[in-house]
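Novice: Pasting in a structure now, in structure tokens, and then I'll have a few things to ask.
The values are calculated or read from the model by the stated rules, or taken from the named source; none is laboratory data. Model, not experiment: these values are computed from the prediction. Virtual Cβ from ideal backbone geometry, glycine too; neighbours counted across all protein chains shown. Heavy atoms of the whole protein, side chains included, go into the accessibility calculation; ligands, DNA and RNA do not. Shrake-Rupley method; radii C 1.70, N 1.55, O 1.52, S 1.80 Å.
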There are 2 protein chains.
Amino acid sequence: MAIVQPVDERRCLTGPNARLIGKPGGLRELTTPALVLDLEAFEQNIKAHQHQLNLHGLRARPHAKSHKCAEIARKQIAAGAVGVCTASLHEAEAMLAQGIDNILITSPVVGAGKLKRLMQLLERGAEVAVVVDDQEYAASMAAAAHRSGHVLDVLIDLDLGMGRTGVSNIESALQLVDVACATEGISYRGLQAYSGRVQHITEFAERDHVYTGQLRFLSALIAALDKRGLKPAIVSGGGTGTLALDCREGILTEHQAGSYIFMDVEYGAVTLRASDADPVFATSLFLHSTVISKNVRGQVTTDAGLKSFATDGPLPRVSAGAPVGTAYSFFGDEHGCLTFRTPTDSLPLGSIVAFVTPHCDPTINLHDYLHVVRHDTIVDIWQIVGRGVL
Amino acid sequence: MAIVQPVDERRCLTGPNARLIGKPGGLRELTTPALVLDLEAFEQNIKAHQHQLNLHGLRARPHAKSHKCAEIARKQIAAGAVGVCTASLHEAEAMLAQGIDNILITSPVVGAGKLKRLMQLLERGAEVAVVVDDQEYAASMAAAAHRSGHVLDVLIDLDLGMGRTGVSNIESALQLVDVACATEGISYRGLQAYSGRVQHITEFAERDHVYTGQLRFLSALIAALDKRGLKPAIVSGGGTGTLALDCREGILTEHQAGSYIFMDVEYGAVTLRASDADPVFATSLFLHSTVISKNVRGQVTTDAGLKSFATDGPLPRVSAGAPVGTAYSFFGDEHGCLTFRTPTDSLPLGSIVAFVTPHCDPTINLHDYLHVVRHDTIVDIWQIVGRGVL
């Protein structure tokens, strides 16, 4: 048996394409499947998003679940964001390890082992807030924080209609606020009100109708809290799909949109703008893939399959490198099938085909590296430090 | 901004549950979502599989795409396997870095950057073979190997009906063998004949019928090669679904089955045994998940969603920790929904629910750690070194 090789550290941080950074024509030499970030489109998206929130007096707290990448979080904060959201404790730990220290964890953190890890984040001086949706659990979380000498900021998680997490009626929400206010170890900071499914309703008017209906619960709760002298300092929520609506409604104080930086196939199909004054977000995230087999008429096989693209949403869409009308379908873990509109078409082995990614969050989660490109040159490679689940 | 923290090395290798190794009751303290391997079932599967192949004079070359884990490859080799298969160059590199040095890469390795990395594997003294399915590409691969002073072992990849990779007619296969024999830099070692979709045909008789039909091409090709004095030294193929058939047919010389070690929901539905003499493989791979919200009647939310389970096949199946008849559905990246048969049922926050995993290969790919359990004690944590795509 061969001797165990030490892992090359540079390789670990930037992957097998590190040698291509700054190399003219390096993009064509990329080993694939590789995620490619168009830096110009990405930077424009960040700028336009922050500008829109500034105009409406909303703070930005972009959701890092979309990118799981500390470099991107840093750029969002540099543009004006107050911090980031993470979907899990794992993502929060990954962000904090890279110096991103103002974090809202947008899902309840449950379990003794996880509470221990959460306390370790506080010990490291991070500004971390979490959401709660259960009185009894809020009390036991408070006890854990109190024992370790900390006070944990909490937002009350509201269920706007998904039935996933959160409380869905005013009475339960008020009781939770009372617990959060009365219990040592936790500090009531406000509310979280996120509506997931509504983000992807393609027609603006329909999304508007459904979402404003959902927001009535939030407005009523804020009014009830105000009456008790418990007006929330923070009301956090929103996504890329409701950005224009949240700007118009003015109920949220901070906004959690994440996908606007990338614009995947899903969001490409959604009408986002309420008016011509709203920004246009451009697709900045692509997957490059290589043609590896071409023995069947009318189709070729690429090296990007179930391990390269999320499979929960729409299919990847070819954006460059193949004839117009070429369709992608999954062909197993490591393979995709490209079917040509004209059966006599083909592509040579080694051809690079670029795709707009399906649902960007779980797609990013499959990868370790973002290859950052400006004017067809790879200018950097960013590690996706928050991928994984544990 | 906080100072960037150094990554704890032990943590990196074994994850946040490292402190639970050997701890009585540690399994109940696992932070989740976490993959759990039942070592007893796993060891029995490895033993039974090797015994079956030994009986029929077939060499084992288990597919590491199912586990991507060097410890498992080592156990398979210790039991008698000649080496492993990997689905990609990336997996091969990960295996070799851990000392697994006899590898067949079962998909064409295409692209200049990848060929360079392939040559680096040879330079490190690995016994690596690859498949080819294109004459022109075989010649350019041979040239690359020759330039770097190596001879690359190749198998001719045959298409048994999927249309994904491989050649599908005898003439093309013979021409490829001729190229492989006549070209400096590559060495013709034999054939690969893998049939993917047929593995999951649930009824044994139907699978038998379809597969034996597909094997006619392989038998005819071997006869034609034999006539030319080019009988393949290696005929590699097969999966868990065709194991009994491959043992009966006696055409393959080495067998690539991978999933038999874990037995996921997909293979749980497939009749694998030709007779009572064939082994029974037991489910050894589970995902443990925690209940994190319980505010909706008749359902609870767990912390295992799209980032924990592959979504290309059947749904995860509850195996323990919830009432009989509880059904799982996806609830976003980080969440799953458990729906109870009796709407008055519920589960306390923090409850651990165990699942049989859907399609094991892409499920394993989502995780970094396997928590290895014997008699309810975590005895080790193995890293999934080959996950990822680049």
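Novice: Tell me the residue from B:Asp159, B:Asp101 that is within 30 Å of A:Thr339 (Cβ to Cβ), within 11 Å of another protein chain (Cβ to nearest Cβ) and surrounded by fewer than 24 Cβ atoms within 10 Å (Cβ to Cβ), please.
Specialist: Numbers: B:Asp101 fails: within 30 Å of A:Thr339 (Cβ to Cβ).
Just a single option satisfies the conditions, and that option is B:Asp159.
Novice: If I ask for residues that are open to solvent by less than 60 Å² (accessible area, probe 1.4 Å) and aliphatic (A, V, I, L, M), which ones from region A:269-297 would you list?
Specialist: A:Val270, A:Leu272, A:Ala282, A:Leu285, A:Leu287, A:Val291, A:Ile292, A:Val296
Novice: Right, something else. Given the conditions (1) open to solvent by less than 10 Å² (accessible area, probe 1.4 Å); (2) within 10 Å of another protein chain (Cβ to nearest Cβ), report the number of the one that B:Val300 does not fulfil.
Specialist: For B:Val300, the exception is condition (2).
Novice: Applying the selection to region B:250-283, what residues are closer than 13 Å to B:Leu53 by Cα, among the small types (Gly, Ala, Ser) and at pLDDT below 95?
Specialist: The one that is closer than 13 Å to B:Leu53 by Cα, among the small types (Gly, Ala, Ser) and at pLDDT below 95: B:Ala277.
Novice: Pairs, please: C-beta under 7 Å, at least 6 apart or cross-chain, first residue closer than 11 Å to B:Ala81 by Cβ and in region B:245-260, second charged (D, E, K, R) and open to solvent by less than 10 Å² (accessible area, probe 1.4 Å)?
Specialist: Going by the 7 Å Cβ cut-off, the qualifying pairs are B:His255/B:Asp246.
Novice: Output yes when any residue across region A:175-183 is in a helix (DSSP H, G or I), in contact with a Ser or Thr (Cβ under 7 Å, 6 or more places away or on another chain) and open to solvent by less than 10 Å² (accessible area, probe 1.4 Å), and no when none is. Walk me through it before giving the result.
Specialist: Just the residues of region A:175-183 that are in a helix (DSSP H, G or I), to begin with: A:175-182.
Narrowing the set further to residues that are in contact with a Ser or Thr (Cβ under 7 Å, 6 or more places away or on another chain) leaves none.
Taking every residue of region A:175-183 in turn, none turns out to be in a helix (DSSP H, G or I), in contact with a Ser or Thr (Cβ under 7 Å, 6 or more places away or on another chain) and open to solvent by less than 10 Å² (accessible area, probe 1.4 Å).
Novice: Give the residue that is most open to solvent (accessible area, probe 1.4 Å), with candidates limited to residues of region A:318-344 that are more than 9 Å from chain B (Cβ to nearest Cβ) and touching a Pro at 6+ places or on another chain (Cβ under 8 Å).
Specialist: Residues of region A:318-344 more than 9 Å from chain B (Cβ to nearest Cβ): A:318-329, A:336, A:338-344.
This time we only want the ones that are touching a Pro at 6+ places or on another chain (Cβ under 8 Å), so: A:328, A:336, A:340-342.
Values: A:Tyr328: 14, A:Gly336: 0, A:Phe340: 13, A:Arg341: 169, A:Thr342: 66 Å².
Per the criteria, the residue is A:Arg341.
Novice: So which pairs qualify, if the first residue must be in region B:297-320 and within 21 Å of A:Thr363 (Cα to Cα), the second must be open to solvent by 20 Å² or more (accessible area, probe 1.4 Å) and among the aromatic types (Phe, Trp, Tyr), the Cβ gap must be under 8 Å, and the two must be at least 6 apart or on different chains?
Specialist: B:Gly305/B:Phe330; B:Leu306/B:Phe330; B:Phe309/B:Phe330; B:Thr311/B:Phe330; B:Asp312/A:Phe330; B:Leu315/B:Phe330
Novice: May I ask you to verify whether B:Glu123 is open to solvent by 10 Å² or more (accessible area, probe 1.4 Å), free of Cβ contacts under 8 Å to residues at least 40 places away in the same chain, closer than 23 Å to A:Ala304 by Cβ and among the acidic types (Asp, Glu)? Don't jump to the end; show me each part of the working.
Specialist: Working: open to solvent by 10 Å² or more (accessible area, probe 1.4 Å): yes; free of Cβ contacts under 8 Å to residues at least 40 places away in the same chain: yes; closer than 23 Å to A:Ala304 by Cβ: no; among the acidic types (Asp, Glu): yes.
Criteria not met by B:Glu123.
Novice: Here's another thing I want to ask about it. Counting only residues that are over 25 Å from B:Asn17 (Cα atoms) and either at the interface with chain A (Cβ under 10 Å from one of its Cβ atoms) or among the basic types (Lys, Arg) (or both), how many does region B:279-297 have?
Specialist: Going through region B:279-297, the residues over 25 Å from B:Asn17 (Cα atoms) turn out to be B:279-282, B:294-297.
Imposing the further condition that a residue be either at the interface with chain A (Cβ under 10 Å from one of its Cβ atoms) or among the basic types (Lys, Arg) (or both) reduces the set to B:294-297.
Going through region B:279-297 one residue at a time, the tally reaches 4.
Novice: Restricting the search to region B:285-328, which residues are touching a helix residue (DSSP H, G or I) at 6+ places or on another chain (Cβ under 6 Å) and among the small types (Gly, Ala, Ser)?
Specialist: B:Ala310, B:Gly313
Novice: Based on this model, can you work out whether A:Leu215 counts as more than 27 Å from A:Thr311 (Cβ to Cβ) and in a loop (DSSP other than H, G, I, E, B)? Outline the logic, then answer.
Specialist: Working: more than 27 Å from A:Thr311 (Cβ to Cβ): yes; in a loop (DSSP other than H, G, I, E, B): no.
When the stated conditions are applied, A:Leu215 does not pass them.
Novice: Which residue is surrounded by the most Cβ atoms within 10 Å (Cβ to Cβ), if the candidates are limited to region B:184-212 and must be among the basic types (Lys, Arg) and assigned to a helix (DSSP H, G or I)? Give the derivation first.
Specialist: At the first step, the residues of region B:184-212 found to be among the basic types (Lys, Arg) are B:189, B:197, B:207.
Adding the requirement that they be assigned to a helix (DSSP H, G or I) leaves B:197, B:207.
On the way: B:Arg197: 13, B:Arg207: 22.
Among those residues, the one meeting the criterion is B:Arg207.
Novice: Would it be correct to say that B:Ala143 is surrounded by fewer than 16 Cβ atoms within 10 Å (Cβ to Cβ), of a type in the set (Gly, Ala, Ser) and over 27 Å from B:Ile384 (Cα atoms)? Spell out how you get there, then give the answer.
Specialist: Numbers: surrounded by fewer than 16 Cβ atoms within 10 Å (Cβ to Cβ): yes; of a type in the set (Gly, Ala, Ser): yes; over 27 Å from B:Ile384 (Cα atoms): yes.
So B:Ala143 passes the test.
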